[in-house]
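The values are calculated or read from the model by the stated rules, or taken from the named source; none is laboratory data. Please read all numbers here as calculations on a predicted model, not as lab measurements. We place every Cβ from the backbone using ideal geometry, glycine too, and count neighbours over all the protein chains shown. Please note that ligands, DNA and RNA were not included when accessible areas were found on the heavy atoms of the full protein model with its side chains. Shrake-Rupley method; radii C 1.70, N 1.55, O 1.52, S 1.80 Å.
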Amino acid sequence: MARRRQGTPIHGWLVIDKPAGMTSTQVVSAARRAIGAAKAGHGGTLDPLATGLLPVALGEATKTVGYVMDGQKRYRFTVRWGEARSTDDAEGEVVAVSDRRPDAAAIRAALPAFIGLIDQVPPAFSAIKVAGARAYDLAREGENVALAPRPTRIDDFRLVEQPDDDHATFEVMSGKGAYMRSLARDLARALGTVGHIVQLRRTAVGPFREHHAISLETLASLGHSAAASGYLMAVATALDDIPALALTADEANRLRCGQPVGLLRRSDLERIGNLESGAVVCATCGGKPVALARFEAGDLRPLRVLNL
């Protein structure tokens, strides 16, 4: 017999202001327990050192996680010049030192090379799998982890302040899969020195902003109350950038049953608009999301049915 999932079926997004020192998985577990939800996941991992926005998907929202992870992120971090660390952040051991300290002019001159589509080598201490094992597990065991560079997108990278010669604070807007620890490490090398991140905060991810966030302490104090549910955002929040397509009740039922919906009639043309074949839409009925679906050759085919 399948084990019955404990908790209440709650559907939507909570945006947790993650504290330093916890893993993303620990935050998700704490949030799920606090609100009493049966199912939860998160929309993009944050390092234990990092703070800031960790969107937590509850119930059917877990089916939309990929759209949040694909969204643009914004970070603010501080680099400590002159020390390279094994983890590329303050939690690792010092592996190299340098007396060189870049000035603001040199930093600003180096930043354009890191904007756009770049190749980035992830940190050795990352969750990437190498021959079936996590890179951070291999690195902790003392193995030399050599990860291949991968393309990532940096939309904006700017110097915010230099509180002293040893530190500089930056703001970054990036696409999916960008490692701020790698960005700080590689910038330091480009400036003829070494460096690591000492503070890192995510201030935006996809459609979520800091004013949406709640701390774990506040969530725990509210418990399973109406006040806690007031922080719950709709499942469709993650789908703001996806075209919506309204369906009739009969069409919606077909999608819910996993069947395609034909949209070839003349009366369908206005609904379809400029949708191209292969486009993914959020199919709705009565204003509620029904499914994520793909429009192909005149048919709307369900990808993920949302049982709301």
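LEU54 meets the stated requirement of being surrounded by 21 or more Cβ atoms within 10 Å (Cβ to Cβ) and modelled with pLDDT of 95 or more.
Looking across segment 165-212 at every residue that is of a type in the set (A, V, I, L, M) and part of a strand (DSSP E or B), the one that is nearest to GLY44 (Cα to Cα) is identified as VAL205. Out of all the residues in segment 270-291, which are open to solvent by less than 40 Å² (accessible area, probe 1.4 Å) and free of Cβ contacts under 8 Å to residues at least 24 places away in the same chain? Selection gives GLY278 alone.
May I ask you to list the residues in segment 2-46 that are within 16 Å of the chain's Cα centre (by Cα), closer than 16 Å to THR203 by Cα and hydrophobic (A, V, I, L, M, F, W, C)? Passing the criteria: LEU14, VAL15, ILE16, LEU46.
In segment 142-161, the residues that are without any contact (Cβ under 8 Å) to a residue 60 or more places away in the chain and over 16 Å from ILE115 (Cα atoms) reach residues that are open to solvent by less than 70 Å² (accessible area, probe 1.4 Å) and assigned to a strand (DSSP E or B) with C-beta atoms within less than 6 angstrom, at least six apart or across chains, in these pairs: GLU161/THR169. Scanning segment 207-250 for residues that are open to solvent by 50 Å² or more (accessible area, probe 1.4 Å), among the polar types (S, T, N, Q) and more than 15 Å from LEU58 (Cα to Cα) yields THR218, SER221, THR248.
How about segment 213-224: which of its residues are in a loop (DSSP other than H, G, I, E, B), more than 17 Å from the chain's Cα centre (by Cα) and not hydroxyl-bearing (Ser, Thr, Tyr)? Matches in segment 213-224: GLY223, HIS224.
Within segment 100-129, track down each residue that is charged (D, E, K, R), more than 14 Å from ARG80 (Cβ to Cβ) and either in contact with a strand residue (DSSP E or B) (Cβ under 7 Å, 6 or more places away or on another chain) or assigned to a loop (DSSP other than H, G, I, E, B) (or both). Passing the criteria: ASP103, ARG108, ASP119. Select from segment 150-179 the residues that are farther than 19 Å from GLN120 by Cβ and of a type in the set (S, T, N, Q) and write down the one among them that is surrounded by the most Cβ atoms within 10 Å (Cβ to Cβ). Ranking the qualifying residues of segment 150-179, first place goes to GLN162. In segment 57-78, the qualifying residues are those that are out of contact with any Leu (no Cβ under 7 Å at 6 or more places or on another chain) and open to solvent by less than 30 Å² (accessible area, probe 1.4 Å), and the one that is farthest from LEU303 (Cα to Cα) is THR78. Restricting the first member to segment 9-27 and to residues that are on the phi > 0 side of the Ramachandran plot, and the second to residues that are in a helix (DSSP H, G or I) and buried (at least 17 other Cβ atoms within 10 Å of the Cβ), the beta-carbon pairs closer than 6 Å and six or more apart or on different chains are GLY12/ALA61; GLY12/VAL235. Of note, ALA188 does not satisfy the criterion of being in contact with a helix residue (DSSP H, G or I) (Cβ under 9 Å, 6 or more places away or on another chain), small (Gly, Ala, Ser) and either touching a residue at least 12 places away in the same chain (Cβ under 8 Å) or open to solvent by less than 60 Å² (accessible area, probe 1.4 Å) (or both). Of the strands (runs of 3 or more DSSP E) lying entirely inside segment 33-93, those containing at least 1 residues that are out of contact with any helix residue (DSSP H, G or I) (no Cβ under 6 Å at 6 or more places or on another chain) and farther than 28 Å from ASP241 by Cα span 73-81, 83-85. The condition of being farther than 30 Å from ARG33 by Cα, free of Cβ contacts under 8 Å to residues at least 40 places away in the same chain and more than 30 Å from the chain's Cα centre (by Cα) holds for LEU263.
Filtered by the rule that a residue be touching a Lys or Arg at 6+ places or on another chain (Cβ under 6 Å), more than 16 Å from LEU219 (Cβ to Cβ) and open to solvent by 10 Å² or more (accessible area, probe 1.4 Å), segment 35-51 gives a lone residue, ALA38. When you check ASP119 against the structure, is it farther than 17 Å from ARG185 by Cα and acidic (Asp, Glu), yes or no? No: the conditions fail for ASP119.
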